[in-house]
Each structure stands twice: as C-alpha cells, then as structure tokens.
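Worksheet: one structure, shown below.
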Amino acid sequence: MDETDGVIRKTGDTYEVVFRRRLARPIEKVWAALTVPERIADWLANASIEPSLRLGARFALHFPTEDYRMAGEIVEFDPPRLIAWTWPDPKDADKPASVVRFELEPDGTGCMLTLTNTHLVKASLEDVAAGWHTHLEGLAGAADAVHTPWSAEREKVHAARYQAAAASLA
C-alpha cells in the first residue's frame, strides 16, 4: 500500500473505503470538479444533476466505457465543503444503497479531500476501491478542466493491493 491508497474498514455488517488526498488546487476549483457535470465528466463519468445542485436532487452517472448507469440522490450538501450521494445497487433494489461522501478542507493554497464510500459489500469491495483510486488520479486535472479518462489498465495496477487488503478483513 502507498500513501494514496484508500483504507478499507469493516463497519458492522458492511465495509467502507476512505481516501485522503491533498490537492494543490483551491477548494473552489476542486468543488467544481465534484459538482459541475462537465468537470465530473473529466475525471469520473458523464453526470446529470436534476433539478439543480441541492439537497435531495437526483445525481446520475453514466460510465460509457462500461455502459454502466447509476442514479442516486444527494443526501448531504454544504458548499463548498461537503457533498454526498447514494449509490444504489443496480442488481438489488432492496439492498440499502452505499453512500459516497466527499469532504473538502482548505489546506494552505490547496485543500484536503476525504472520500468515504460506505455500506459496501465484501464481494465488490476491491473493485470499488481500485475504481475510486483510479478515478481520483484525474481529480486534480479536472479542477483545471483537464480530461483524464478511466482506464482498465490503470485500475489493474491498483487492484491487487486492494484485493490483498480486502482478503485480510474478517
């Protein structure tokens, strides 16, 4: 594991993964990368937020390379420091949704990002962790409107570490 790796923890019957990154970008630019659909598309996926960016809004993502779609709801919102949305399981509508939470804190000329993805099941844990790790590699660039597409090859580089971390949990 290295300093950019997420930490996987067991939390009751589910798991969570937490990433902390210092980004050498002003908090306002990173907030835009987390909340403006054009910037979200630069590092994560095509996004839509309806009717507008606010608590209770629909937050949808489309990952075109995998043709995967997700539609959740913004459940926490405190600009420019906090946004969280639900991420329902597309295969099991009865299962509680995971929650993806981004927190920003000013840190000198940049900011500290904490990404926490909660209510995860062990079967998807390593894929979720490696996926977030790979997507986060493009977040600083997205703050500057630089597109960094996801790549399966980059994700595979991280997957083995997360597989080992997930296997070590009870």
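The values are calculated or read from the model by the stated rules, or taken from the named source; none is laboratory data. Every value quoted in this text rests on a predicted model; they were computed, and no experiment measured them. Glycine also receives a Cβ, built like all others from the backbone with ideal geometry; neighbour counts cover every protein chain displayed. Each accessible area value is taken on the protein alone, full model and side chains, heavy atoms only, with ligands, DNA and RNA left out. Shrake-Rupley method; radii C 1.70, N 1.55, O 1.52, S 1.80 Å.
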Original post:
So what's the convex hull volume per residue for the Cα atoms of the range 100-170, in Å³?
Top reply: 111 Å³
Original post:
Tell me, in nm to one decimal, what length is gained between residue 160 and residue 24 on full extension, where the rule is 0.36 nm per residue of separation less the Cα-Cα distance?
Top reply: 46.2 nm
Original post:
For the chain, which longest stretch is free of loop sites, where a loop site is one of the trypsin sites (Lys or Arg not before Pro) that DSSP puts outside H, G, I, E and B and that has at most 15 other Cβ atoms within 10 Å?
Top reply: 92-170
**OP:** Grab the other residues whose beta carbon is less than 13 angstrom from that of residue 63, score K and R as +1, D and E as -1, and report the net.
**Re:** -3
**OP:** Send over a whole-number figure in Å² for the accessible area per residue of the range 28-112, probe 1.4 Å.
**Re:** 52 Å²
**OP:** With a point put 7 Å past each Cα toward its Cβ, work out how far residue 68 is from residue 7 in nm, to one decimal.
**Re:** 2.5 nm
**OP:** For residue 105 and residue 92, calculate 0.36 nm times their separation in residues minus their Cα-Cα distance, and state this gained length in nm to one decimal.
**Re:** 1.2 nm
**OP:** Could you estimate the translational diffusion coefficient of the range 35-117 from the Stokes-Einstein equation, with Rh from the Kirkwood formula over C-alpha pairs, at 25 °C and 0.890 mPa s, in whole µm²/s?
**Re:** 181 µm²/s
Original post:
Does anything in the range 97-126 have its amide N under 15 Å from the 7 Å Cα→Cβ label point of residue 53, and if so which residues?
Top reply: 102-104
Original post:
From the phi of every residue in the range 6-19, what ³J(HN,Hα) in whole Hz does the Karplus formula 6.51 cos²θ - 1.76 cosθ + 1.60 yield, where θ is phi - 60° and glycine or proline is x?
Top reply: x, 9, 9, 9, 7, 10, x, 8, 10, 10, 9, 10, 10, 10
Original post:
At a 1.4 Å probe, what is the % contribution of carbon and sulfur to the accessible area of the range 103-162?
Top reply: 59 percent
Subject >> Calculated over the chain: convex hull of Cα atoms, volume per residue (Å³) >> reply: 113 Å³
